[in-house]
Amino acid sequence: MTTKPWSTNSSRGRSIARGAVERFLGLVVMLLVAVPCNTAVAGVAVEVGQTLPPISITQGGQVIIEGTGYSVAPWSGPGNVGLVQVIQYVPGTRRGGDLYDPLTERMRRELEVARYRITAIVNIEVASRFAKPFVRAAVVDKQRAYSLATLVLDEGGTGQIEWDLSQQSAFIVTDTSGKVVDAIFGEPSEIDSARIFQTLKDLLQSKTP
């Protein structure tokens, strides 16, 4: 039987094509292993004993009261203000809005608010589309009621990403140098609240002239 010349060429062509596909798939696997898909959004975890990593919120920002209205301005922080600082980060949900209220109410009653700086950042990104206007309005109302506090609307969830907050919320106390001296992540227990309140109280007493 005479061998057809195109038979060998066809088999060789299929072999070459299969080899090219295998090399391509191998390259894709190597790239996926070498470059993790979440590298671009990896955050820096908040750690007690370490300086609180600064963040910048440009989607939304600090609430500024203007007569009967308000505006927002890009916010970066926490800055070095030479004061003990309390930073709250909460999701813009019904439960998130009340998460640390008992603790902050106790602070308001028992501590001299002018001696520390409090900043509350609300993650608007996690709120439903229907709820977002109401969450914003509630934050503005709180800013009107507590003029010494700084309230920030985080429309893009920047803080949760950059501070690597897997539990979506945090209550952080820093000393005058910006070092984290205590923190609660997620919903606080009574023990957590009592401990961090005492930490804050002790810090303020140590700064008394």
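Reported count of residues in the range 135-146, each being out of contact with any strand residue (DSSP E or B) (no Cβ under 9 Å at 6 or more places or on another chain) and either among the small types (G, A, S) or modelled with pLDDT under 95 (or both), is 2. Among the residues of the range 127-136, just one is surrounded by 12 or more Cβ atoms within 10 Å (Cβ to Cβ), of a type outside the set (A, V, I, L, M, F, W, C) and either free of Cβ contacts under 8 Å to residues at least 12 places away in the same chain or closer than 22 Å to G77 by Cβ (or both), namely R136. Looking only at the range 150-184, residues that are of a type in the set (D, E, K, R) and more than 28 Å from S206 (Cα to Cα) come to 4 in all. Applying the criterion of being surrounded by 16 or more Cβ atoms within 10 Å (Cβ to Cβ) and among the small types (G, A, S) to the residues of the range 139-161, the residue that is nearest to R117 (Cα to Cα) is A149. Listed by position, the helices (runs of 4 or more DSSP H) contained in the range 91-187 that have at least 3 residues being basic (K, R) are 101-110, 132-145.
Scanning the range 137-153 for residues that are of a type in the set (D, E, K, R) and touching a residue at least 24 places away in the same chain (Cβ under 8 Å) yields a count of 1.
Yes/no matrix, rows are residues, columns are (1) of a type in the set (G, A, S); (2) modelled with pLDDT of 95 or more; (3) outside the structural domain of V86 (by TED's automatic domain parsing):
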site	(1), (2), (3)
D98	no, no, no
D101	no, no, no
A120	yes, yes, no
S166	yes, no, no
V181	no, yes, no
Q198	no, yes, no
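Considering the range 147-161, the residues that are at pLDDT 95 or above and not aliphatic (A, V, I, L, M) include one that is farthest from the chain's Cα centre (by Cα), namely T150.
The values are calculated or read from the model by the stated rules, or taken from the named source; none is laboratory data. Model, not experiment: these values are computed from the prediction. Cβ atoms come from the backbone with ideal geometry, glycine included; neighbour counts cover every protein chain shown.
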